[in-house]
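Structure record follows, encoded as structure tokens.
The values are calculated or read from the model by the stated rules, or taken from the named source; none is laboratory data. Every value quoted in this text rests on a predicted model; they were computed, and no experiment measured them. So basically every Cβ, Gly included, is an ideal-geometry build from the backbone, and we count neighbours across all protein chains shown.
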Amino acid sequence: MHDMKAIFKKHVKKHKRKILLGSPIIILIIVLDAFNFFANEKTALILLPEPSRFVTVDRSFATTVKLVARTAVNAVGGSIRFNSENADILDVSQKNSIINLWAEEPTFLEEKRGVSFQGGILSEGGFVGEGPLMKIFFKPRKTGKITLAFENPQVLAHDGKGTNVLGGKNELTYVVRDSNLSSPDINGDNAVTFSDISIFLVNWPVTSDVGKYDFNGDGKVTFSDINALFAQLGS
């Protein structure tokens, strides 16, 4: 136990700069996201992972594109791009979309590097609320990171002027790992933080459910898995 604490302290010391610099940034991002999307009640376009940002190279995953309208709107459009060398788009679904008048149905960009779309929402008085626009399905090509981002997005107000009232949008990064490795996001909150490290240490030494904590894929849980978990800190 003493050796484990010594190694843990060594890691904290080694990553001190990362912790000191990274923690305020993470907190700032959380605060800004809350400020942009909720506190100021701004209209936003959001990319949501399904079911998680942490995926394996052998399985497809999906991203839901969601509109949060804080004021009455009637049209939305733009593009969503990603680093296509790491993944392929399999399909785009419009099922349950709040868009009911498509000016441009979801269309693949050149070499399937993204999706473009434009549509209207026919609703008396305009649309206010939250709802899905589409769902995009991907298949990873290799391990690494896949980042999705909006390009030239617009959300137009129901004001007879076509005013763009978009006040916020996000990027979404997936972390793709080999299928034999466990997800470093132990608590399932779509981020690797000290909470995950704390959960790992609470369960140390791991004598059951080894697969959950085997982050380097060697079939056992050792200090090497602590190294692997620290390497993902901040992802």
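Considering only residues that are under 21 Å from ARG70 (Cβ atoms) and either within 20 Å of the chain's Cα centre (by Cα) or of a type in the set (Asp, Glu) (or both), which ones fall in region 98-136?
Matches in region 98-136: GLU124, GLU130, GLY131, PRO132, LEU133, MET134.
If ILE197 passes every condition in (1) within 28 Å of ASP58 (Cα to Cα); (2) in the same structural domain as VAL57 (by TED's automatic domain parsing); (3) of a type outside the set (Phe, Trp, Tyr) but one, which one does it miss?
If we test ILE197 against (1) within 28 Å of ASP58 (Cα to Cα); (2) in the same structural domain as VAL57 (by TED's automatic domain parsing); (3) of a type outside the set (Phe, Trp, Tyr), just (2) comes out false.
All but one of (1) closer than 25 Å to ARG113 by Cα; (2) among the polar types (S, T, N, Q); (3) in contact with a helix residue (DSSP H, G or I) (Cβ under 9 Å, 6 or more places away or on another chain) hold for SER182; state the number of the condition that does not hold.
If we test SER182 against (1) closer than 25 Å to ARG113 by Cα; (2) among the polar types (S, T, N, Q); (3) in contact with a helix residue (DSSP H, G or I) (Cβ under 9 Å, 6 or more places away or on another chain), just (1) comes out false.
So, in region 97-138, exactly how many residues are over 25 Å from PRO49 (Cβ atoms) and among the hydrophobic types (A, V, I, L, M, F, W, C)?
Residues in region 97-138 being over 25 Å from PRO49 (Cβ atoms) and among the hydrophobic types (A, V, I, L, M, F, W, C): 4 in total.
All but one of (1) in contact with an Asp or Glu (Cβ under 7 Å, 6 or more places away or on another chain); (2) farther than 20 Å from ALA69 by Cα; (3) buried (at least 17 other Cβ atoms within 10 Å of the Cβ) hold for PRO140; which doesn't?
Unmet for PRO140, out of (1) in contact with an Asp or Glu (Cβ under 7 Å, 6 or more places away or on another chain); (2) farther than 20 Å from ALA69 by Cα; (3) buried (at least 17 other Cβ atoms within 10 Å of the Cβ): (1).
Please work out which one of (1) exposed (fewer than 14 other Cβ atoms within 10 Å of the Cβ); (2) not in a strand (DSSP E or B) is the condition PRO184 fails and give its number.
Here PRO184 clears every test but (1).
Considering GLY167, GLY131, GLY160, which residue is farther than 20 Å from THR56 by Cα and touching an Asp or Glu at 6+ places or on another chain (Cβ under 9 Å)?
So the residue among GLY167, GLY131, GLY160 that is farther than 20 Å from THR56 by Cα and touching an Asp or Glu at 6+ places or on another chain (Cβ under 9 Å) is GLY167.
Might you check whether a residue that is in contact with a Leu (Cβ under 8 Å, 6 or more places away or on another chain), without any contact (Cβ under 8 Å) to a residue 40 or more places away in the chain, surrounded by 13 or more Cβ atoms within 10 Å (Cβ to Cβ) and of a type outside the set (D, E, K, R) occurs anywhere in region 195-210?
yes
What residue, among those in region 79-113 that are among the small types (Gly, Ala, Ser) and touching a Leu at 6+ places or on another chain (Cβ under 8 Å), is surrounded by the fewest Cβ atoms within 10 Å (Cβ to Cβ)?
It comes out as SER79.
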